[in-house]
Amino acid sequence: MSILPSLSKSKKVTVNTLSLKSLFQNYDVTEIERLKIDVEGFENVILKQLITLMNEGLKLDTLIFEYNEMSNLTELDTISKTICETFGYTQRY
C-alpha cells in the first residue's frame, strides 16, 4: 500500500503565483542578508529574476540555493558564474 496518491487520480490545481520582483516590491525589500531558494527544479527562473533585481540595486549578502535531478544544471552553472562575475560572489558546494 502506498501513501502517495495515484497519478491517475491526480487533478489539476490552479494556484496564484507571484514574481520575485512583485514580492520584494510588495514588502519594500531592498536589502537581504541571506536568501535561501528551494524551488524544486525552477532555480533558473528565480535566479534570473534575482539578477535583474540586483542590477536594479537590490543588495544581497548571501545566496543559498539547492538543486536536484529536475534542475537544468548547465543553465544553473551559467547563471551562477554570471552572478559571481557580475556581483563579486564566490561559489561553494
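The values are calculated or read from the model by the stated rules, or taken from the named source; none is laboratory data. Just so you know, these numbers come straight off a predicted model, no measurement behind them. Cβ sites come from the backbone with ideal geometry, for glycine too, and all protein chains shown count toward neighbours. With ligands, DNA and RNA removed, areas are computed over all heavy atoms of the protein, side chains included. Shrake-Rupley method; radii C 1.70, N 1.55, O 1.52, S 1.80 Å.
Based on C-alpha pairs under 8 angstrom that are at least 6 apart in sequence, the chain has a relative contact order of 28 percent.
Taking amide H positions as modeled 1.01 Å from N, with prolines and chain starts lacking one, the residues under 5 Å from residue 37 and 5 or more places away or on another chain are 64, 65, 66. Considering only 39, 16, 27, the residue lying farthest towards the positive end of the dipole of the chain is 16, judged by Cα position with unit charges set on Cβ. When 89, 67, 27 are compared by accessible area of protein heavy atoms, the largest-first order is 27, 67, 89, using a 1.4 Å probe. Considering the stretch 20-64 at the alpha-carbon level, its Rg and Dmax are found to be 10.1, 27 Å.
Taking amide H atoms as placed 1.01 Å from N in the peptide plane, the amide H of residue 60 lies under 5 Å from those of 32, each 5 or more residues away in sequence or on another chain. Rounded to the nearest 20 debye, the dipole magnitude of the chain is 400 debye, with +1 charges on Lys and Arg beta carbons, -1 on Asp and Glu beta carbons, and the Cα centre as origin.
Computed from Cα atoms, the angle from the helix 43-55 axis to the main principal axis of the chain rounds to 20 degrees.
Please give the contour-minus-distance gain from residue 40 to residue 55: 0.36 nm per residue of separation, less the Cα-Cα distance, rounded to one decimal in nm. Here the segment from residue 40 to residue 55 would lengthen by 2.9 nm. What does the C-alpha gyration tensor say about the overall shape of the stretch 41-81? Classify as rounded when a/c is under 1.5, otherwise prolate if a/b is larger than b/c, or oblate. Prolate shape, in that a/c is at least 1.5 and a/b is the bigger ratio.
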